[in-house]
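The structure appears below as structure tokens.
The values are calculated or read from the model by the stated rules, or taken from the named source; none is laboratory data. Since the structure is predicted, the reported quantities are computational estimates derived from the model, not experimental observations. No Cβ is skipped: glycine too gets one built from the backbone with ideal geometry, and neighbour counts run over all protein chains shown. The area values use the complete protein model at the heavy-atom level, side chains included, leaving out ligands, DNA and RNA. Shrake-Rupley method; radii C 1.70, N 1.55, O 1.52, S 1.80 Å.
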Amino acid sequence: MEKVSNNSCELSVKHEEPTLVPPAQKTVKGPYFLSNLDQNIAVPVRTIYCFKSDSKGNKDAVKVIKDALSKVLVHYYPLAGRLTISSEGKLMVNCTGEGAVFVGAKADCAIEEIGDITKPDPITLGKLVYDIPGARTILEIPPLVAQVTNFKCGGFVLGLCLNHCMFDGIGAMEFVNSWGETARGLPLKVPPFLDRSIFEARKPPRIEFQHQEFAQIEDISETLYKEEMLYSTFCFDPEKLELLKKKAKEDGVLEKCTTFEALTAFVWRARTRALGMKPEQQTKLLFAVDGRPRFEPSIPKGYAGNAIVLTNSICSAGELLENPLSFAVGLVQKAVNMVTDSYMRSAIDYFEVTRARPSLAATLLVTTWSRLSFHTTDFGWGDPIFSGPVTLPEKEVILFLSHGKERKSINVLLGLPASAMKIFEELMQI
């Protein structure tokens, strides 16, 4: 199993003064509704997009991307507003039109010199995404912050800080690709659908399911995360992924399983074992399912918001580890199959009544970007040589990213305490 090495460069970046980029035309002002599906995942997500040099170099990159941002914000005007709390205690956007934060920057080296950019590295890669000085809460961070860093080699990096409450992965991908289309003078392939009232709670709300993601499980963080966290990336090539699926079906319990189901079950078991959880301790798996094809009727194309819902499975560490891989895969499959139109609308109602957000105690939260086409973003310099996260938002999160030119391999990114990471690395040898 390939383990991606750590970055080692001492990157130095000189920032220009940040500016505000408002929409190029007058846009709607006032309150903008965020749905209950947006409320559960209101965290800043920091990503980078790395572009290599071409014949024109990076001289115009800052201006081209900044001008295109102003134009695309006409279509995505809530991103030019500011987050606030409504009288109902929900997160919402005040569409002020004041603009996204934009920063130009210069690095003292070539992109290749900063080391392996496929592994989350908040210290090195974090310098490529602008942080709002003194911000203590998400309300003090604009929904969109952008930084373009020019490198000596002629390449450049676009670093984004985008609040997850504004988009899920598909929505974010469509926004960034629309930004690139605007930079190239093209019309938007997928214009945004901004009305989030399609996800309003029912009146009165109906709670039809016991959403286990909110279940109270013993918090064992103090015993599991005593050491400093190490971050690593593990690459599963197509051969390894096929082997995992074969192992999941070898005892005849399962007739079929997807790559996601087999890989999720495998890393859930490996992480549980590496953390040394006791047999009687409960472990919870959370992951998001795209509701776009599952809502009835299906939601409009270009929906610019979160159309994902968390699903889950809970069992004891002993059950998970003492049973074969097919057992864990079966739990993942049941969690996937739970997600119906009724389940998703129940999740919307559940938040309306309780304002409860999922607990991450004794939890593995799997996020998959492997089917998202961020790699096609083109601002006029071609596709990025790499796109991915700067860091993982929580210690409980594992991220799946597609890898390689054919994008058939999957990189698994995660953080673990040092001693647990050593065990996890051994368990990855399949």
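Condition first: part of a helix (DSSP H, G or I) and open to solvent by 20 Å² or more (accessible area, probe 1.4 Å). Now tell me which residues in segment 229-260 satisfy that. Even if it seems obvious, please write down each step before you answer.
First, the residues of segment 229-260 that are part of a helix (DSSP H, G or I): 238-249, 259-260.
Hits for segment 229-260 are P238, E239, K240, E242, L243, K245, K246, K247, K249, T259, F260.
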Being among the hydroxyl-bearing types (S, T, Y) and within 18 Å of the chain's Cα centre (by Cα) is the requirement here; does T118 meet it? yes
Sole miss for R202 among (1) more than 20 Å from R371 (Cβ to Cβ); (2) among the basic types (K, R); (3) modelled with pLDDT of 95 or more is condition (3)
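Being assigned to a helix (DSSP H, G or I) and either of a type in the set (V, I, T) or open to solvent by less than 30 Å² (accessible area, probe 1.4 Å) (or both), is that true of even one residue in segment 158-168? First the steps, then the outcome.
Let us first name the residues in segment 158-168 that are assigned to a helix (DSSP H, G or I), namely none.
Among the residues of segment 158-168, not one is assigned to a helix (DSSP H, G or I) and either of a type in the set (V, I, T) or open to solvent by less than 30 Å² (accessible area, probe 1.4 Å) (or both), which makes the answer no.
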Is it true that some residue in segment 271-293 is more than 30 Å from P417 (Cβ to Cβ), of a type in the set (A, V, I, L, M) and either open to solvent by 20 Å² or more (accessible area, probe 1.4 Å) or not in a loop (DSSP other than H, G, I, E, B) (or both)? no
Those residues of segment 14-55 that are at pLDDT below 95, more than 23 Å from G305 (Cβ to Cβ) and either among the polar types (S, T, N, Q) or over 22 Å from the mean Cα position of the chain (by Cα) (or both) come to a total of 4
Residue by residue through segment 12-31, note down the ones that are within 22 Å of L160 (Cα to Cα) and assigned to a strand (DSSP E or B). V13, K14, H15, T19, L20, V21
Only one of A307, A274 is small (G, A, S), in contact with a helix residue (DSSP H, G or I) (Cβ under 9 Å, 6 or more places away or on another chain) and closer than 24 Å to T118 by Cβ, namely A274
Subset of segment 139-150 that is among the hydrophobic types (A, V, I, L, M, F, W, C) and open to solvent by less than 10 Å² (accessible area, probe 1.4 Å) - its residue that is farthest from R46 (Cα to Cα): V148
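If I ask for residues that are of a type in the set (A, V, I, L, M, F, W, C) and open to solvent by 30 Å² or more (accessible area, probe 1.4 Å), which ones from segment 195-204 would you list?
Taking segment 195-204 first, the residues of a type in the set (A, V, I, L, M, F, W, C) are 198-199, 201.
Scanning segment 195-204 gives a single hit, I198.
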Quick check on A24: is it open to solvent by less than 40 Å² (accessible area, probe 1.4 Å) and among the aliphatic types (A, V, I, L, M)? no
Looking at E426, E394, can you tell me which residue is open to solvent by 10 Å² or more (accessible area, probe 1.4 Å) and free of Cβ contacts under 8 Å to residues at least 24 places away in the same chain? E426
Kindly evaluate I65 against the criterion of being closer than 13 Å to T149 by Cβ and either part of a helix (DSSP H, G or I) or open to solvent by 70 Å² or more (accessible area, probe 1.4 Å) (or both). yes
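Condition check ((1) in contact (Cβ under 8 Å) with a residue 24 or more places away in the chain; (2) open to solvent by less than 30 Å² (accessible area, probe 1.4 Å)) across all residues:
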| position | (1), (2) |
| --- | --- |
| E88 | no, no |
| D108 | yes, no |
| E113 | yes, no |
| D116 | yes, no |
| P120 | yes, yes |
| L125 | yes, yes |
| D131 | yes, no |
Which residues, taken from segment 86-125, are outside any loop (DSSP other than H, G, I, E, B) and either more than 16 Å from E16 (Cα to Cα) or among the aromatic types (F, W, Y) (or both)? L91, M92, V93, N94, C95, F102, I111, E112, E113, I114, L125
All positions within segment 90-106 that are under 30 Å from S53 (Cβ atoms) and surrounded by fewer than 19 Cβ atoms within 10 Å (Cβ to Cβ): K106
Restricting to segment 32-52, and then to whatever is assigned to a loop (DSSP other than H, G, I, E, B) and among the β-branched types (V, I, T), can you tell me which residue is least open to solvent (accessible area, probe 1.4 Å)? I41
Of the numbered conditions (1) buried (at least 16 other Cβ atoms within 10 Å of the Cβ); (2) in contact (Cβ under 8 Å) with a residue 60 or more places away in the chain, S402 fails exactly one; give the number of that condition. (2)
If I ask for residues that are touching a Ser or Thr at 6+ places or on another chain (Cβ under 8 Å) and either open to solvent by 10 Å² or more (accessible area, probe 1.4 Å) or among the polar types (S, T, N, Q) (or both), which ones from segment 300-355 would you list? N306, I314, S316, L321, L331, K334, V336, M338
